[in-house]
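The values are calculated or read from the model by the stated rules, or taken from the named source; none is laboratory data. Since we're looking at a predicted model, the values are computed, not measured. Methodologically, a virtual Cβ is constructed for each residue, glycine included, from the backbone with ideal geometry; neighbour enumeration extends over all protein chains shown.
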Amino acid sequence: MKPKVHHNKKLVLILWKSTNMFKVYKINNLGKVNKKFTPLFSSKKDINEAGKEMNIPITAFKSVKKFDYNSCTSEDDLVQTAWEKRND
């Protein structure tokens, strides 16, 4: 199922509709998923509630719309692709 993907200047947020789980990834200066940080996650159904639980101001996020998530081979690949397409 197609995830909803959002970004701000340093984070990528993914809502996995199949599990209703939000995950947040920290992006390093090279645009790669930062392996030093375990993704934050929340099982809250509402994005604002999830943001509160993860201490993230969700209002700072913008939606990433134009990318082919089916071509991504892993979750890290999805995050990086979304990051690269964030301004499209």
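Within the range 10-59, take every residue that is at pLDDT 75 or above, among the charged types (D, E, K, R) and under 17 Å from A82 (Cβ atoms) and give me the one that is surrounded by the most Cβ atoms within 10 Å (Cβ to Cβ). Applying the filter and picking the extreme gives K23.
Restricting attention to the range 34-50, which residues are of a type outside the set (S, T, Y) and in contact (Cβ under 8 Å) with a residue 12 or more places away in the chain? F37, P39, L40, F41, K44, K45, I47, A50, listed by residue number.
Within the range 26-35, can one find any residue that is β-branched (V, I, T) and under 12 Å from the mean Cα position of the chain (by Cα)? For the range 26-35, residues β-branched (V, I, T) and under 12 Å from the mean Cα position of the chain (by Cα): present.
Across the range 71-88, the number of residues qualifying as closer than 23 Å to K35 by Cα and either among the aliphatic types (A, V, I, L, M) or more than 12 Å from the chain's Cα centre (by Cα) (or both) comes to 9. If you filter the range 60-70 down to residues that are surrounded by fewer than 16 Cβ atoms within 10 Å (Cβ to Cβ) and in a loop (DSSP other than H, G, I, E, B), you find that the one that is modelled with the lowest pLDDT is K66. Residues in the range 60-68: is at least one in contact with a helix residue (DSSP H, G or I) (Cβ under 9 Å, 6 or more places away or on another chain), closer than 13 Å to W83 by Cα and of a type in the set (F, W, Y)? Taking every residue of the range 60-68 in turn, at least one turns out to be in contact with a helix residue (DSSP H, G or I) (Cβ under 9 Å, 6 or more places away or on another chain), closer than 13 Å to W83 by Cα and of a type in the set (F, W, Y). Would you confirm whether or not the range 53-62 contains a residue that is over 20 Å from N28 (Cα atoms) and touching a strand residue (DSSP E or B) at 6+ places or on another chain (Cβ under 7 Å)? So far as the range 53-62 goes, yes, one or more of its residues are over 20 Å from N28 (Cα atoms) and touching a strand residue (DSSP E or B) at 6+ places or on another chain (Cβ under 7 Å). Of the residues contained in the range 71-81, one or more are found to be at pLDDT 75 or above, loosely packed, with under 14 Cβ neighbours inside 10 Å, closer than 13 Å to V12 by Cα and out of contact with any Asp or Glu (no Cβ under 8 Å at 6 or more places or on another chain).
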